[in-house]
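Q: The structure under discussion is supplied below as structure tokens; questions concerning it will follow.
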Amino acid sequence: MKLRCTNNSIRFRLRKSDIEVLKSNKIVQETVQFPGSDDLLFSICISENPDMYASFINHEILVYIPSKMADEWINSDQVSLHNHITTIERKSLTILLEKDFPCLDRTEPDRDDTFWELAQKK
């Protein structure tokens, strides 16, 4: 799973194996370890909440996807999910989840773990 943060937005790109873990465990998680410091965790979780939302607590970015929305996304050719959330400061946080495509400008050693077949449809 890849994470990109920019301009008050968070973007996750999930490989096929990440989607399988999410489907079976209802959560997929990655950790970035910093020397001499705390770890940064980022997770996607299927929840019973009716809305897609995110939190940042105890060094963890956690995105919650409603179970119906997650099921439709996981079991279809739908490439992405997104939502805009209003923060306490009345700013907008954009959340984007995407199925990962292979890079076009370099060889992808594990292309089979990307959604290359969906990339060809675009």
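The values are calculated or read from the model by the stated rules, or taken from the named source; none is laboratory data. Bear in mind that the values here come from a model prediction, so they are computed numbers and not experimental data. All Cβ positions, even for glycine, are placed from backbone atoms using ideal geometry, and neighbour counts span all protein chains on display.
Q: When you go through (1) at pLDDT 90 or above; (2) of a type in the set (A, V, I, L, M, F, W, C); (3) over 14 Å from residue 16 (Cα atoms) one by one for residue 103, which number turns out not to apply?
A: (1)
Residue-by-condition table, conditions (1) closer than 21 Å to residue 2 by Cβ; (2) modelled with pLDDT under 90:
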site	(1), (2)
25	yes, no
28	yes, no
36	no, yes
40	yes, no
46	yes, no
53	yes, no
59	yes, no
77	yes, yes
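Q: In the stretch 50-87, which residue that is over 15 Å from the mean Cα position of the chain (by Cα) and part of a strand (DSSP E or B) is surrounded by the fewest Cβ atoms within 10 Å (Cβ to Cβ)?
A: Checking each candidate, the answer is 57.
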